[in-house]
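Heads up, the thing below is written out as structure tokens.
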Amino acid sequence: MIKQPLLGITFESNHHSVVFVSAGPSPAYHVTHAIQTPTHIRIQRSGATDKAVEVVSSDGTTTIVRLERAVPSQTFRLVAHGG
């Protein structure tokens, strides 16, 4: 689990579907987590507030990006569970 400012979540579907989650203090200094062949992408909400993004890959691994209010941007915790 890491806790860093969220830089972005990207879905690409060129030859193989991949979701990329990037986080860090700046675009120059960041980590990117790749989720291969996602089968489900869900947004967890509480009222009007987005609380988490859940991505399930074809092998059953679930990655949860927890969103927390931070100044000046969002931060997240990245948790991967084997399926």
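We did not get these values from a lab; they are worked out from the coordinates using the rules stated. Nothing here was measured: the structure is a model prediction, and the numbers come from that model. In this analysis, Cβ positions are derived from the backbone assuming ideal geometry, glycine residues included, and neighbour counts consider all displayed protein chains.
Values for this structure:
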| quantity | calculated |
| --- | --- |
| Sequence-distant residues sharing a close amide H with Ser58 (under 5 Å, placed H) | Thr39 |
| Linear extension gain, Thr37 paired with Arg69, 0.36 nm per residue minus alpha-carbon span | 8.6 nm |
| Ordering of 45-52, 4-11, 30-37 by packing [mean C-beta count within 10 Å, highest first] | 4-11, 30-37, 45-52 |
| R0 of 35 Å, Cβ-Cβ distance Ser58-Lys3: FRET efficiency to nearest 0.05 | 0.80 |
